Each structure stands twice: as C-alpha cells, then as structure tokens.
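Visitor: Quick one: structure below, then a few questions.
The values are calculated or read from the model by the stated rules, or taken from the named source; none is laboratory data. Worth saying up front: this structure is predicted, and the values here are computed from it rather than measured. Cβ: placed from backbone, ideal geometry, glycine included. Neighbour counts: every protein chain shown.
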C-alpha cells in the first residue's frame, strides 16, 4: 500500500457505486432527517457575533492536536479534547459555565485524530501514533480509541489493538446517525502504506466499551487511491475517492475515475456522470436515497438524487443551476484562518460564494490550530495559539441573527 495521493487527483467525475444499506429493512419508507449541518437559516445571518474567548487549558506538547464536537438535540452538549502529553489527552465540557478540566490516560494520545459524538450522549476519541516504540511493533502505527462521557470522563478501557500496519493514517471521518438523526457512532476512513484504504465503524456499547466493525467498503493494494471523504446519515455511509476504471483514453491507457460508495456489499454504477472539471461540494443521504451537489466552472451547480437501492437516477438537474438560481439545499461551510494577526471565520455556500461578512474571533500571533463543531444553533470554535513554550487553548461560540 502506498501513502495517500495528492488532493489534486480527486477531480470528481462521478462514476459511482451504491448499495442498499444493510441496517434497514427494504420495506421501511424513507423518512426526512433533520438538518444537522450549519445552514443558511441558523448560520447564514448577515449579523453574527462571537462570545468573549474563554481559556480552556494549556499544553506544552510541541505538535498540538485538538478537536471539538457537539451532541445536537434539545439539550446539546459540546466537548473539547486536546493533546496534553505523550500519553495524555485533556478534555473540557463547553457550556454556559465551563466544565472541570480533565486528564485522560491514552497511549499515543499525543496524536488525537478524531473526536465525535456517539450513542448515549457520549463521545469517542481516536488517536493514531505515527510510530510505535519497543519490541516487534517498532515502526508500526498505533490506533487507540476511548469513550468519554459528556463531562470528558472515560466510559471504559481504551481500545488498543496490537499494531499491525505501517504508515497508518486517518483520511476522513463522519458521524453515524440513526433514522431519528441522533448520533450512533463514527465512521473512520483510513489508509495504510501497503494494505489499502478501508472504513471502520466505531461505537460504544451500553457499558462504555469501544466496539469496532469493519465496513465492506475498502480498496486493496498499493495502486488504489484512498477514500478521501465520508458523509453519513441515517446509518448510511457515503465514501468518495478515486480508483482505476475500465474506460481508456485514445491511447488505451486506463482512466482514473472517482467513485461514490454507499453502505453495503454490492456496488452499482451511477448512470449520470459529471465532467472531470466538476468538484463535489456536498453529499447527503436521505433515507435510502443520496443527494449529490457539485460545482461546475463559473459557479454553476449540478444536483443529482440517486437511489441507494440500485444507483439509478431519481431527480436532479440535467443542466446546471445558474449562479443566481435557488439551491435545493442550503448548507453553510465555515472556515477558519489567521489573517493579519486575527483568527477570522468565513462562511461560504454550495457555490463557494461568501455568506455574510468575515467575523474576527480573536487576535492571534503566528500559527493557530483550529477546530469547530455545530450543535444545531451555535458554532463552537476552539483554537490553540502558541505563547512562549505553551499552547493556550481557547473557545468562543458564534451565533447569527437576520438570515440571508
């Protein structure tokens, strides 16, 4: 297996594969799921404000890793986790009043990769150590996972399998959701140097122990490209990436095509494809169906709805949506960057067009490590900024008023 390919190979010409979700009966009608992503109604306002930054804690590690995640719902909860030592992670609940600062022992916790809400109002932390040390595992990557409750305390022993893979990397992750929209676990796409790309589903059992299920979507061998992006909804997992297809160019060389895969053993080709110049902006499962939105040159957007049963075309726009036409869905994509000494939040729509005005979160000198999560009504932003030999971990929440 090879190392992950550069991002530039993923010019998304949607030649896909879909399968029936194995976790749902075929006779169950598709139910509309709540919009749990930031959207125009809640985060698309022309006037947005950020709360006064609060310090969560500090870390003296050289390469900080931090994550924040939220449990949506009528009573949302948010948890921040960051690396605080070689084998320790720190956590803190974010609410009107900050929760207690907790330290959790986790082997290879220095490399926190994933924090996600899971079933039972809890969270799951996953770390990957680049190189394990000692004995026959030297030079292998270590994966570790542990459940945390809403306050950041461990729910059980850490999942610590024997290392068996070299150069093991997390490529993407997505929160699994039940049919009611509640988090039920997290899907994690990984790639190893020689073993291919694969997806694992992480959950917590009622006793708080980590359960891991191998997903049928995987690639084999060093010639395959890794799974680049995951999206999940209603226990349906969608994976996006690239693989060699049967089509050839004029000289008989196989063309590399991107793919779309859904949960299940079978794979079906999407009959309608997008040109190589298209870039996928958003994918969302709607029951057993799948919505795909992708941008064309000059800001045009195409929309496809395909069946998760056989990959057939159900609805969409055979031509493009004009730059001024109304979009069928309205997600907002937040982005954070330090510009001119300020940590600034920008927002874009499906077309990549700016939503509202940039919002300055805080003054930051130099590089900052950032993460954000959406709890259904507010965007929680956590960042680490270097001060001397320490990282200062801070938090602020963003709310918007008048919708665009």
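Visitor: Can you name the number of the only condition in (1) closer than 30 Å to residue 74 by Cα; (2) surrounded by fewer than 14 Cβ atoms within 10 Å (Cβ to Cβ); (3) modelled with pLDDT of 85 or more that residue 180 fails?
Guide: The one condition residue 180 does not meet is (3).
Visitor: Are any residues in the range 164-185 within 23 Å of residue 108 (Cβ to Cβ) and assigned to a strand (DSSP E or B), and if so, which ones?
Guide: 169, 170, 171, 172, 173, 174, 175, 185
Visitor: In this structure, is residue 161 closer than 30 Å to residue 74 by Cα and outside any strand (DSSP E or B)?
Guide: no
Visitor: Ok, one more. Can we say residue 208 is over 13 Å from the mean Cα position of the chain (by Cα), under 16 Å from residue 118 (Cβ atoms), at pLDDT 85 or above and not in a strand (DSSP E or B)?
Guide: It is true that residue 208 is over 13 Å from the mean Cα position of the chain (by Cα), under 16 Å from residue 118 (Cβ atoms), at pLDDT 85 or above and not in a strand (DSSP E or B).
Visitor: Next question. Yes or no: the range 41-57 includes at least one residue that is modelled with pLDDT of 95 or more, crowded, with 19+ Cβ neighbours inside 10 Å and in a strand (DSSP E or B).
Guide: Within the range 41-57 (the criterion being modelled with pLDDT of 95 or more, crowded, with 19+ Cβ neighbours inside 10 Å and in a strand (DSSP E or B)), the answer is yes, since at least one residue qualifies.
Visitor: Separate question: Exactly one condition in (1) in a loop (DSSP other than H, G, I, E, B); (2) modelled with pLDDT of 90 or more; (3) touching a strand residue (DSSP E or B) at 6+ places or on another chain (Cβ under 6 Å) is not met by residue 357; state its number.
Guide: (3)
Visitor: Provide a single number: the residues in the range 327-354 that are within 18 Å of the chain's Cα centre (by Cα), part of a loop (DSSP other than H, G, I, E, B) and exposed (fewer than 14 other Cβ atoms within 10 Å of the Cβ).
Guide: Qualifying residue count, the range 327-354: 0.
Visitor: Out of the residues in the range 75-90 that are outside any strand (DSSP E or B) and in contact with a helix residue (DSSP H, G or I) (Cβ under 7 Å, 6 or more places away or on another chain), which is surrounded by the fewest Cβ atoms within 10 Å (Cβ to Cβ)?
Guide: 86
Visitor: Against the conditions (1) under 17 Å from residue 39 (Cβ atoms); (2) part of a strand (DSSP E or B), where does residue 362 fall short? Just the number, please.
Guide: Only one criterion is unmet by residue 362, namely (1).
Visitor: I need a count of the residues in the range 58-74 that are in contact (Cβ under 8 Å) with a residue 40 or more places away in the chain, farther than 22 Å from residue 332 by Cβ and not in a strand (DSSP E or B).
Guide: Qualifying residue count, the range 58-74: 5.
Visitor: Continuing with this model, one more query. Please verify whether residue 324 is in a loop (DSSP other than H, G, I, E, B) and either farther than 28 Å from residue 173 by Cβ or modelled with pLDDT of 95 or more (or both), treating the condition exactly as stated.
Guide: yes
Visitor: For the range 382-400, give me each residue that is within 23 Å of the chain's Cα centre (by Cα) and outside any strand (DSSP E or B).
Guide: Answer for the range 382-400, where residues must be within 23 Å of the chain's Cα centre (by Cα) and outside any strand (DSSP E or B): there is none.
Visitor: Considering 197, 247, which residue is out of contact with any helix residue (DSSP H, G or I) (no Cβ under 9 Å at 6 or more places or on another chain), modelled with pLDDT of 75 or more and either within 25 Å of residue 65 (Cβ to Cβ) or assigned to a strand (DSSP E or B) (or both)?
Guide: 197
Visitor: Considering only the range 91-109, state which residues are buried (at least 18 other Cβ atoms within 10 Å of the Cβ) and either touching a residue at least 40 places away in the same chain (Cβ under 8 Å) or in contact with a helix residue (DSSP H, G or I) (Cβ under 9 Å, 6 or more places away or on another chain) (or both).
Guide: Hits for the range 91-109 are 91, 92, 93, 94, 99, 102, 104, 106.
Visitor: Mind listing whichever residues of the range 361-381 are under 26 Å from residue 76 (Cα atoms) and surrounded by fewer than 15 Cβ atoms within 10 Å (Cβ to Cβ)?
Guide: Answer for the range 361-381, where residues must be under 26 Å from residue 76 (Cα atoms) and surrounded by fewer than 15 Cβ atoms within 10 Å (Cβ to Cβ): just 377.
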